[in-house]
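Here's the structure we're looking at; comments come further down.
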Amino acid sequence: MEINEFIENLADQFDDIDVASLTPTTVFKELEDWTSLVALSVIAMIDEEYDVLLKGEDIKNASTIEDLFNTVKSKQEE
Amino acid sequence: MELSEYETLSKYGVTLHLLTHDKIELLRTWRNHPKIQKRMEFREEITPEMQEKWFQKISTSGRDFYYIIEYQGKEIGCINIRDVDFEKGEGEPGIFIWDDDYLGTDVPTRASFCMGDFVWDVLKLKREVIHVLKDNKQAILYNKQKGFKLSPNQEDVYNQEYTLTAEDAAKKSKRIKAFLLKENNL
């Protein structure tokens, strides 16, 4: 599991976002296009792509994309 | 339709409770808070008398359905479909989240899908019509993501009308609904 691929998958959940504008340190909830629907779409994507079922709290507790990536990674290793 | 069957809607990780009289003061407190009030067209202070009158109207109209959103045992907001016109097959949905902890999380959308099933499958409406203040960018973005489209001749209106058809709602929600059904073993 690579962070660049994770960022690309995350970007796909937005209607219109330049993937180049996203980095591991991006605070994703501060993105202009971030909404509750995108949050749920990200949870669905993580289930589909990484076979990890995140809870709302996991999204709530993550600040940056890297935080989210690390959460998914640690759950994969459980 | 027998409304008593739909006093509680529980799906996708949230529970919606039909608004009862004992909750109208709680709702009034939420609704009068500046953070909620600023996003509403009606921004005057709602008095207990106004709230009582409003509740009598909505609880007997047969056209207004207001639910308190409960998530993990906490009451976090309110979701509704109001002014339902069964002949036209349309109504106006609304939602507000009181608890800031859940803004920008998946929870409001879970509530919205739960309510959506009631709107499309039980009330059998053909479309939802909403009015959003032109400067409420976040609400416009969210509703466009859900599939709402600006109605004709609304470009210069401050409180703009958007419409979502049942077909567009189903199309836009297909992937996430599939995930929610799987997640909740439905």
Of A:30, A:57, A:66, the one that fluctuates the most in a GNM where chain A has Cα springs shorter than 10 Å = A:57
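Taking the Cβ of residue B:63 as the centre, find all other residues whose Cβ is under 13 Å away and add up their charges (Lys, Arg: +1; Asp, Glu: -1).
Once all neighbours under 13 Å are counted, the net charge is -3.
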Taking only C-alpha pairs under 8 Å that are 6+ residues apart, what is the relative contact order of chain A in percent?
-> 33
Selection from B:133, A:3, B:105 lying farthest towards where the dipole of the protein assembly as shown points positive, charges on Cβ = B:133
Pop out the carbon and sulfur fraction of the accessible area of segment B:1-158 as a percent, whole number, probe 1.4 Å.
-> 51
Around residue B:99, what is the net charge, scoring Lys/Arg as +1 and Asp/Glu as -1 over all other residues with Cβ under 12 Å from its Cβ?
-> -1
Dividing the Cα convex hull volume of chain A by residue count, how many Å³ per residue is that?
-> 80
Rg followed by Dmax, in Å, when segment B:1-98 is reduced to its Cα trace | 13.6, 37
With a ≥ b ≥ c taken as the square roots of the eigenvalues of the C-alpha gyration tensor of segment B:86-186, please select rounded if a/c is under 1.5 and otherwise prolate if a/b is larger than b/c or oblate if it is not?
-> oblate
Among rounded, prolate and oblate, which fits segment B:130-171 when a ≥ b ≥ c are the square roots of the eigenvalues of its C-alpha gyration tensor, a/c under 1.5 means rounded, and a/b larger than b/c means prolate?
-> oblate
Using unit Cβ charges (K, R positive; D, E negative) and no other charged atoms, how large, in debye to the nearest 20, is the dipole of the protein assembly as shown about its Cα centre?
-> 720
Stokes-Einstein D in µm²/s, Kirkwood radius over Cα pairs - the protein assembly as shown at 10 °C with 1.306 mPa s viscosity = 81
Point-charge dipole on Cβ atoms (K/R +1, D/E -1) for chain A, about Cα centre, debye to 20 | 360
accessible surface per residue for segment B:1-134, probe 1.4 Å, DNA/RNA/ligands not counted, whole Å² -> 50
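The values are calculated or read from the model by the stated rules, or taken from the named source; none is laboratory data. Predicted model only: the values in this text are computed from it and were never measured. Every residue, glycine as well, gets a Cβ built from its backbone with ideal geometry; the counts of neighbours run over all protein chains shown. For the accessible areas, the whole protein counts, side chains as well, though only heavy atoms, and no ligand, DNA or RNA atoms are used. Shrake-Rupley method; radii C 1.70, N 1.55, O 1.52, S 1.80 Å.
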